[in-house]
Amino acid sequence: MSQNVFDVAKERFFRYTEKLQLNQRYPGASMPEHLTEPDRSIETRISLKRDDGSVLVCRGYRVQFNDDRGPYKGGIRFHPAVSLNEVKALAFWMYMKTALLDIPFGGAKGGVAVDYPSLSLAEKERLTKRYATILVDVIGSERDIPAPDVNTSSQEMAWIMDAWRMIHGRYQRGIVTGKPVTMGGSVGRDTATGRGVVFCIEEAADVIGLDLTHSAAAVQGFGNVGSASARFLAELGVRVVAVSDVHGAVRNLQGLDVPELLRHTRAGGAVSEFPEGEACDRESIFAEDVDILVPAALENAITAENADSIKARLIAEGANGPTTIEGAHILRSKGKTVLPDILCNAGGVTVSYFEWVQNRQEFYWDEAKVDEELKRLMVRSCRQVFAEAQRHDCCLREAAYRIAISRVAEAAVGRGVQ
């Protein structure tokens with residue numbers, strides 16, 4: 001990727017902490033440095049024996065960034081573009097999210113640089129369990145709790161849980177979240193991030209006077225987050241007129257039939273092959289004449305090159321770090337409302353927290369309870385961010401960072417920053 005995402009994360013942090021005056025509030029604590037240096041970064045070689053007997057060597061990572069407010073928490077992604085800097089940035093954003101939502105976790109992230117979809121099922125299991133075995137002494141329900149991310153799902157979490165159990169000789173259901181419901185997972189976890197995105201969109205629409213039943217949306221990325229966001233937007237009466245995936249995009253100005261599109265993609269079809277729409281270039285998704293844009297793919301999607309073409313009034317960041325600093329500046333100069341990633345896509349870690357709580361109690365909630373509690377926390381945090389932005393006459397991203405940073409700094413000083 002063209003821009004080091006960890007440098008972007010730190011640049012934003014230092015820009016916002018300058019106004020918070022952390023060094024004046026906590027003299028001698030070196031608080032900005034404390035909060036921007038990861039506690040631990042693990043980089044390892046992973047050798048995978050392929051089904052044909054050959055050996056694939058790839059790099060694996062786990063970054064435990066900050067645990068001032070609770071155990072490390074963060075997903076695992078298997079993708080060719082995974083790098084140490086990317087994982088650092090994702091771990092940093094995770095501890096910002098948990099602080100903003102006031103969840104008692106810190107932040108971590110992990111990944112393996114591998115073309116995961118090209119592996120056989122047996123190879124995927126061996127790779128996942130090898131990765132888990134390497135990390136077995138640094139993860140745990142009171143230490144560091146992985147979850148699914150890009151190209152991982154409840155299946156990988158089940159494999160990690162099994163590897164941990166085989167080594168330690170006991171069950172610990174809270175070792176991971178996002179696992180199958182039959183193994184102690186929570187109902188509602190697989191759609192939680194997308195549902196959280198839409199809860200934030202509903203709150204923002206009320207603030208800016210956007211009638212969702214007469215609105216159109218475009219969704220960039222049709223994986224777990226993007227597809228769930230599209231589904232829930234459509235259920236609210238929003239016309240989802242364009243979506244994209246890694247292969248291309250599809251457009252229907254009358255509104256795509258999202259349930260049918262979901263069936264099409266789950267059967268292995270690309271969105272551009274959906275017969276009830278017009279195939280188009282995936283980059284055109286940003287220039288669609290819509291009210292709402294949901295970037296829900298990878299980092300650095302909205303840049304100086306395409307931000308000026310965005311017509312949407314409301315941008316809901318379903319992905320982590322989808323907007324570069326230059327792109328964000330352009331969007332603000334154009335008067336766009338941007339729901340920042342550390343708020344907007346925090347639904348996944350929030351329901352992961354609910355799953356962890358259920359595992360500790362061995363008492364499980366129904367889906368209505370999960371959705372009710374998710375909405376309560378997302379709406380509360382959304383309103384806090386809008387109020388902070390109004391109080392300090394700043395953008396929503398700065399407001400979200402101000403709240404999160406202040407909470408972590410207070411916890412760090414309370415613990416003692418040694």
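The values are calculated or read from the model by the stated rules, or taken from the named source; none is laboratory data. Being a predicted model, the structure only gives us computed values, none of them experimental. When we count neighbours, we look across all protein chains shown, and the Cβ atoms used for this are built from the backbone with ideal geometry, even at glycine.
Of the residues that sit in the stretch 175-190 and are crowded, with 22+ Cβ neighbours inside 10 Å and under 16 Å from Asp149 (Cβ atoms), which one is modelled with the lowest pLDDT?
Per the stated criteria, the residue is Arg189.
Does the stretch 56-76 include one or more residues that are part of a strand (DSSP E or B), more than 28 Å from Ser352 (Cβ to Cβ) and at pLDDT 95 or above?
Pass one, the stretch 56-76, residues part of a strand (DSSP E or B): 56-66, 72-76.
Those left that are additionally more than 28 Å from Ser352 (Cβ to Cβ): 56-57.
Cutting the leftovers down to at pLDDT 95 or above gives us 56-57.
Looking through the stretch 56-76, at least one residue is part of a strand (DSSP E or B), more than 28 Å from Ser352 (Cβ to Cβ) and at pLDDT 95 or above.
Which pairs do you get when a residue that is in contact (Cβ under 8 Å) with a residue 60 or more places away in the chain, found in the stretch 29-45, comes within reach of a residue that is part of a strand (DSSP E or B), reach meaning Cβ atoms under 6 angstrom, with the pair 6+ apart or on two chains?
Short answer, once both residue conditions are applied: Arg40/Gln64; Ile42/Arg62; Thr44/Gly60.
Go through the stretch 350-397 and count every residue that is touching a residue at least 12 places away in the same chain (Cβ under 8 Å), of a type in the set (Lys, Arg) and under 28 Å from Ile175 (Cβ atoms).
Within the stretch 350-397, residues that are touching a residue at least 12 places away in the same chain (Cβ under 8 Å), of a type in the set (Lys, Arg) and under 28 Å from Ile175 (Cβ atoms) number 2.
Which condition from (1) within 23 Å of the chain's Cα centre (by Cα); (2) surrounded by fewer than 20 Cβ atoms within 10 Å (Cβ to Cβ) is the one that Pro275 breaks?
(1)
Within the stretch 195-225, how many residues are free of Cβ contacts under 8 Å to residues at least 24 places away in the same chain and not in a helix (DSSP H, G or I)? Step through it out loud before you land on a result.
Residues of the stretch 195-225 free of Cβ contacts under 8 Å to residues at least 24 places away in the same chain: 206, 209, 211, 214.
This time we only want the ones that are not in a helix (DSSP H, G or I), so: 209, 211.
Summing the residues that are free of Cβ contacts under 8 Å to residues at least 24 places away in the same chain and not in a helix (DSSP H, G or I) in the stretch 195-225 gives 2.
Please determine, by comparing only the residues of the stretch 34-46 that are in contact with a Lys or Arg (Cβ under 8 Å, 6 or more places away or on another chain) and farther than 13 Å from Leu84 by Cα, which one is surrounded by the fewest Cβ atoms within 10 Å (Cβ to Cβ).
Once the filter is applied, the top-ranked residue is Thr36.
Since Leu119 meets every condition but one in (1) over 20 Å from Phe354 (Cβ atoms); (2) within 15 Å of the chain's Cα centre (by Cα), which condition does it not meet?
Among (1) over 20 Å from Phe354 (Cβ atoms); (2) within 15 Å of the chain's Cα centre (by Cα), Leu119 violates only (2).
I'm told Gly169 meets every condition in (1) surrounded by 16 or more Cβ atoms within 10 Å (Cβ to Cβ); (2) at positive phi except one. Can you identify the failing condition by its number?
Single failed check for Gly169: (1).
Which pairs have Cβ atoms under 7 Å, sit 6 or more apart or on different chains, and link a residue in the stretch 245-274 that is under 20 Å from Leu293 (Cα atoms) to one that is part of a helix (DSSP H, G or I) and among the basic types (Lys, Arg)?
Filtered contacts from the stretch 245-274: Gly248/Arg282; Ala249/Arg282; Val258/Arg231; Leu262/Arg231.
Any chance you could count how many residues in the stretch 118-134 are buried (at least 22 other Cβ atoms within 10 Å of the Cβ) and hydrophobic (A, V, I, L, M, F, W, C)? Quick ask: steps written out before the conclusion?
Restricting attention to the stretch 118-134, the residues satisfying the condition of being buried (at least 22 other Cβ atoms within 10 Å of the Cβ) are 127-128, 131-132.
Those still in the list that are hydrophobic (A, V, I, L, M, F, W, C) too: 127, 132.
Final tally of qualifying residues: 2.
So which residues in the stretch 1-55 are among the acidic types (Asp, Glu) and touching a helix residue (DSSP H, G or I) at 6+ places or on another chain (Cβ under 7 Å), if there are any at all?
Start the filter on the stretch 1-55 by keeping residues that are among the acidic types (Asp, Glu), which leaves 7, 11, 18, 33, 37, 39, 43, 51-52.
Answer for the stretch 1-55, where residues must be among the acidic types (Asp, Glu) and touching a helix residue (DSSP H, G or I) at 6+ places or on another chain (Cβ under 7 Å): Glu11, Glu43, Asp51.
Return the residues of the stretch 13-69 that are among the charged types (D, E, K, R) and more than 27 Å from Thr324 (Cα to Cα); say none if nothing qualifies.
The first filter runs over the stretch 13-69 and keeps only residues among the charged types (D, E, K, R), leaving 15, 18-19, 25, 33, 37, 39-40, 43, 45, 49-52, 59, 62, 67-69.
Correct list: Arg25, Arg45, Lys49, Arg50, Asp51, Asp52, Asp68, Arg69.
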